[in-house]
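The values are calculated or read from the model by the stated rules, or taken from the named source; none is laboratory data. The model shown is predicted, which means the values in this text are computed figures rather than measured ones. Every residue, glycine among them, receives a Cβ derived from its backbone with ideal geometry; neighbour counts consider all protein chains shown.
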Amino acid sequence: MTTLLDCRGLSAGYHGRPVVRDFDLDISGGEIVALLGPNGAGKSTILLSLAGLLPRLGGSVALLGRPLHAGKPHLVSKLGLALVPDDRSLFTTLTTRENLQLARRRGGMDLPEVLTHFPALDKRLDVKAGMLSGGEQQMLAVARALIQRPRVLLLDEMSMGLAPTIVESLLLGLRRIADDSGVAIVLVEQHVTLALQIADRALVLTHGRVTLRGDAAEVAANPERLHDSYLGAAQG
């Protein structure tokens with residue numbers, strides 16, 4: 001498979017101080033990589049840096065072989081990378097339809113196409129985003145990114161504040177999206193077991209460094225090693 005996103009030696013942080021060091025990631029079309037780890041490990045920092053919202057302190061990031069320039073999120077988005085932040089960043093006073101229409105761009109999906117992935121939103125198109133349930137808001141946040149037809153989708157804690165049954169439904173939906181559309185997905189998720197069930201590969205980040213990486217099924221099958229990696233034990 002063709003590598004869509006290639007990240008090498010990424011260091012990123014705030015005010016010139018690295019939070020993440022020497023992070024490597026490659027991901028191909030239709031693949032889901034779960035980025036796991038305790039709070040404060042640097043997972044969101046990685047996504048923000050990949051999306052160009054946070055300056056890189058070192059390393060390189062390329063999308064389809066083209067370098068992504070740090071600090072230029074509009075160019076990163078134009079090249080085909082979309083971020084769904086943990087706060088969803090919806091326009092709550094606008095309707096579902098208006099949120100989706102604002103995100104559309106040339107070459108992206110039309111409304112009926114994106115609704116095939118989120119049929120539950122079809123009857124909520126004329127409801128203001130602020131009046132949607134938490135699960136519906138998260139669907140809208142992902143749909144708003146997907147309507148741009150990105151090559152790579154970054155999702156930060158999409159399950160925050162949601163019931164486990166809703167989280168499971170959303171994650172299964174992501175698996176279908178990856179399989180059907182070929183989009184590559186990097187998923188930061190606190191529900192480790194559920195994330196590993198739908199991911200192809202997993203990386204565990206602790207104190208800004210990767211302490212475990214491997215096939216998601218193999219990681220799930222070795223809970224002791226997964227637990228050790230959360231405590232910062234280096235992978236062997």
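Checking ALA195, ALA202, ALA178 one by one, the residue that is in a strand (DSSP E or B) and of a type in the set (Gly, Ala, Ser) is ALA202 and no other.
Which one of GLY134, GLY107 is at positive phi and more than 17 Å from the chain's Cα centre (by Cα)?
Exactly one residue qualifies, and that residue is GLY107.
Of the listed requirements (1) outside any helix (DSSP H, G or I); (2) surrounded by fewer than 19 Cβ atoms within 10 Å (Cβ to Cβ); (3) modelled with pLDDT of 95 or more, VAL20 misses just one: (2). For beta carbons closer than 9 Å, sequence separation of 6+ or different chains, a first residue in region 79-104 that is on the phi < 0 side of the Ramachandran plot and without any contact (Cβ under 8 Å) to a residue 12 or more places away in the chain and a second that is surrounded by fewer than 19 Cβ atoms within 10 Å (Cβ to Cβ) and of a type in the set (Lys, Arg), the qualifying pairs are GLU98/LYS128.
Results for (1) buried (at least 18 other Cβ atoms within 10 Å of the Cβ); (2) assigned by TED's automatic domain parsing to the domain that holds LEU155; (3) of a type outside the set (Gly, Ala, Ser), shown as yes or no for each residue.
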| residue | (1), (2), (3) |
| --- | --- |
| LEU25 | yes, yes, yes |
| VAL33 | yes, yes, yes |
| ALA62 | no, yes, no |
| ARG105 | no, no, yes |
| LEU111 | no, no, yes |
| HIS117 | yes, no, yes |
| ARG124 | yes, no, yes |
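Close Cβ contacts (under 8 Å, 6 or more residues apart or on different chains) running from residues in region 161-180 that are farther than 19 Å from ASP86 by Cα to residues that are of a type outside the set (A, V, I, L, M) comprise ARG176/HIS117; ILE177/HIS117; ALA178/GLY30; ALA178/GLU31; ASP179/GLY30; ASP180/HIS117.
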